Structure formats: C-alpha cells, structure tokens
Amino acid sequence: MYLPNIEFLPHNYTRLAGASETDAQQLDVLEEQKMPSVEHVEKHFTATAAVRDIVIGMADGLTVPFALAAGLTGAIASTGIVVTAGFAEIAAGSIAMGLGGYLAAQTDTEHYASELDREYRETVELPEIETEEVAKVFRDYGLSKEQMQPIVSAITSNQKKWVDFMMRFELGLEAPDPTRAGRSAGTIAASYIVGGLVPLAPYIMMKNIIDALWVSIGVTLLALFFFGAIKGHYTGVKPLRGGLQTVLVGGLAAAAAFAIARLISK
C-alpha cells in the first residue's frame, strides 16, 4: 500500500482549567498523531512548445510518406522504387518542415523584440497612458483605486519591471528562448524522419509490394494511436481518447492523400 510522505504538525488548542503540564504534553502527542499534513506539490506540464514541434513533425511524417508509398504501390510493382522515393520525400520533407519551424520561431522572437522596443518608447513618451493601462489590469480583477494605487506606483517606478508587466499582462507575450528557433527546427525535422520511417519500414523489409502496403497501413495506424496516447498523457487528455483522435485525424488525412496519389498515378 502506498503512503504519501506525511509531516505531522502540532495542533493549536486552549488548555482546560486544571490541566497539568504533563496532561498538556500528552495532548500534544495525541494531537500530533491526529493532524497529518501531506506536502502539497503541484505538477504542471511546461514543455508545450516541444510537444507542439513533435506533434507537427510526427503527424506529417506518419501521413505524407505513407500516402506517397501507398499511391506508388498502385502504379509500380517494385518495393525498391517505393523505398527510394520514400527516402527522398523524407529528406525533403524534414528539411522543409524544419525550416518552417525555424522561421516560425524566429518570427516570434522578432515580434517580441519589436513589441518590447515599442513598450519602452511608450513608457517614456506616453507615461500617463501606460500607467492607466497598468491600473486597468488590476481594475479588471476587481481592485479598488485605494488597493491598486501602491501596486501601480511600485510597478511604474522601475521601467524594466513596468515594461515586463505590460508585455506579459497587456500583450500576453513571454520572453522567447534565444535558442528556440534552432531547437524547434531540429525537433520537427527529427520527428518527421522518425514518423516517416514507420510507414516505409514494411517496404524496406518485404519484397511483395501489396503485402507491404497492408502491413504499412497496420503499423501506421498503430503508430498513430500510440503517438496520440503518449501526446494525451503529456497534455492532460485521456490516453485512449488521445489515441483514437489521432488515429481518426491522421487516418483521414492519410486516406485523402492516398486517394489523391492514386488518382494522379493513373
């Protein structure tokens, strides 16, 4: 049986008239045994950006190479050609997706820098307006003028804290990680490669192209389910629900891509 780490805290009480010191000490022991305090530890998931990058790369990696391989299966009879085309697509797709992730993260960094510069200028050129914007944030939380006056004064007395406050609570922007762009590009590209190898693996290991297609369908749907379940675990969604959602979305995307590829190949 699992027992949490428990720390016993003394209980405050009022000694009854006529109670001796010994009685009080015994009462302390009894109360300490009855008043367990379990340490409260909050666990929050903070790797949202990394998970988003993995989702973007893995989802496309599982569906696009699968659609390409499935489409080629109806047009040719050689698994070697499918594998060659699949590797070429994975290489091109991972580079394109990684570059897209890099540019997106770089754009976020440039946008933050631009807004930061604008806020610094406005605290100098329009201090009254910026002070009112700070007050409005607390007013929206129901604070009275008397309650928020010292808080507003404390924030606006330091320009850096003032600007940081406006960036976070007025614009909803957090300072970006300077290494975010490169890490995002690498994560998306690697996830795309891993995802793309899953539907392509049966064509690498099998000679019969039709058998390889059916195995590819099975392992791709299975991979989509496990991928969705793991993603759900980290994002607070029930693993079964997350897995089924990913299978549905990824399966529909793969089926649509497969149908288009088959039409083009005819």
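Bear in mind these aren't lab numbers, they're just calculated from the coordinates by the rules spelled out. Worth saying up front: this structure is predicted, and the values here are computed from it rather than measured. Here the Cβ is made from the backbone with ideal geometry for all residues, glycine too, and neighbour counts use every protein chain on show.
Couple of notes before you dig in:
- Charge sum, other residues only, whose C-beta stays under 11 Å from G232's C-beta, Lys/Arg counted +1 and Asp/Glu -1: +3
- Local net charge near Y102, Cβ-Cβ under 10 Å (Lys/Arg +1, Asp/Glu -1): +2
- Ratio of the Cα radius of gyration of the range 38-164 to 2.2 N^0.38 Å, where N counts its residues: 1.87
- Length available on full extension from A259 to T179: 0.36 nm per residue minus the Cα-Cα distance, which gives 24.8 nm.
- Global form of the range 61-105, assessed from the alpha-carbon gyration tensor, a/c cut-off 1.5: prolate
- Shape call, the range 126-266: gyration tensor on alpha carbons, a/c limit 1.5: prolate
- At full extension, E125 and Q106 could sit 4.0 nm farther apart than now, given 0.36 nm per residue minus the alpha carbon distance.
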